[in-house]
1. Ranked from highest to lowest mean number of other Cβ atoms within 10 Å per residue, what is the order of the peptides 423-435, 395-407, 181-193, 42-54?
2. Before I look further, what does the chain give for accessible area per residue, probe 1.4 Å, in whole square angstrom?
3. Which distance in Å, rounded to a whole number, links the C-alpha centroids of the range 161-180 and the range 28-59?
4. So how much slack lies between ALA372 and GLU249, counting 0.36 nm per residue of separation and subtracting their Cα-Cα distance, in nm?
5. Where in the range 153-170 does the amide nitrogen come within less than 13 Å of the point 7 Å from the Cα of ARG132, taken along Cα to Cβ?
6. For VAL101, list long-range residues whose amide hydrogen, built 1.01 Å from N in the peptide plane, is under 5 Å from its own amide hydrogen.
7. What ranking do 341-347, 78-84 get when scored by the average of other Cβ atoms within 10 Å per residue, highest first?
8. Once you place label points 7 Å from the Cα toward the Cβ at GLU426 and GLU151, how far apart are they in nm?
Amino acid sequence: MTRFAPSGPLRGTLRPPPDKSISHRAALIGAMGEGTTAIESCLDAADTRATLGAIQVIGAGVEELAPSSGAGGNDLRVRGIGLRGPGERFAEGAEPVALEVRNAGTLLRVLPGWLAGQGRGVWTLDGDESIRRRPVDRVAEPLRMMGAGVECRDGRLPPLRVEGSALHGVSYQLPVASAQVKSCVLIAGLLADGETQVTEAAVTRDHTERMLAAAGAEVEVTELRAVAAVHSGPVRRIAVGPAERLAPERISVPGDFSSAAFPLVAAALVPRSRVRLEQVGLNPTRIGLLGTLHRMGAAVEVEEDLSRGGPEPRGAIVARHGPLAATRVHGDEVPLAIDELPLVALVGCFAEGRTVVSGAGELRHKESDRIAAVVEGLRGIGAEVEPLEDGFAVRGTGGLRGGTLDARGDHRMAMLGAVAGLASREGVEVVGAEAAAVSYPRFEADLASLLAS
């Protein structure tokens, strides 16, 4: 148990750790490539270690060069085995290859797309107790439609068994907004006969599309309507065709916006604070929290850095303390801020009025049931919050009393508890604070550096 006491102002400059979502995809696409891919600033955390371990079991090589210029990452070289490498390396008649995903949901749901199109070979993906509660039928269904042999426990849960098969392209509409499912199907489409299309009803993070295109794949994105509106039909279609090879060569990973969101929100809540976050990824499909905070009146400024190039935009975010007003977050906004929605609830505790998040049922399938975790966690430290079927509602009371928040197994709830403690009247004791290491190993040290500035 770690106690986070009420603090004075947070001040200073911070570079958040490398982006977890992009780091996973960089390692996987590097392994699919031919030749060597240099990855600059790959996140060094438990989840990404699982991905590096998995691609080595499959046959790729990983060479760690040195810590990256930004804290929390490593510069790597990945020796790829080619799009069809896993099947070519699978010995005839061999036992299924066991792949340990630990608690990495991205690895669990994206990697099967590559394995499913191998033509031969069998792999079993399994992980810890938490991952075994996360549904995988959402990737099993489209892969089966493409001709893959996929089995999962009770028809929907890990372990996930994937048998390499001859695939054919499909046109698939995502029933749930999920960048992981989209990525799985698009990668499988590179190995399928004919075109594969994925249609999404709400825009989800597009790192995979950007990185595949940069590696030489033909990716066509069609905007189906210009402005997202609630319950108004599909918004985007992404199509890929068969590919012979990928050549990623070099991938630079920006700072993780989802990690940056915690010191950003801390600065918005703690009086007299001013924090500058540098080299943060500013992909438009990831920064929905900024729009929400803008509506709430938060003092947040963005400075885009156009000098770096590459497929992923990046820049600096400056956050200051100031008065806040309640807002509503609707379903079409949810995929753009899915990992930051618990922080919206926390900000709502300090805002004037009632903050409502709806259309966020996907939160029930994260490392924990995050709707229940947010409600129970915030109630335990003095918030007036109620669960909705697909979200939550928070009545602002001008702050939080403090108390104890149980975050065992959920890294984002652990970091939320820490931020809540700094902004509370009495402090917050976080049970399971060490879970932050899943995505942000230096979280406590970085917070301390802002308090010491």
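1. The densest-packed peptide leads the list: 181-193, 42-54, 423-435, 395-407.
2. Value returned for the chain: 36 Å² of accessible area per residue.
3. Each part's Cα centre sits 22 Å from the other's.
4. Going from the current span to full extension adds 40.0 nm.
5. Output list for this probe position: 153-154, 157-160.
6. Placed amide hydrogens put ASP126, GLY127 under 5 Å from VAL101.
7. Top of the packing list down: 341-347, 78-84.
8. Once both label points are built, they end up 5.4 nm from each other.
The values are calculated or read from the model by the stated rules, or taken from the named source; none is laboratory data. In this text, all values refer to a predicted model and were calculated from it rather than measured experimentally. All Cβ positions, glycine included, derive from the backbone under ideal geometry; neighbour counts span all protein chains shown. All accessible areas refer to the heavy atoms of the entire protein, side chains included, with ligands and DNA or RNA removed. Shrake-Rupley method; radii C 1.70, N 1.55, O 1.52, S 1.80 Å.
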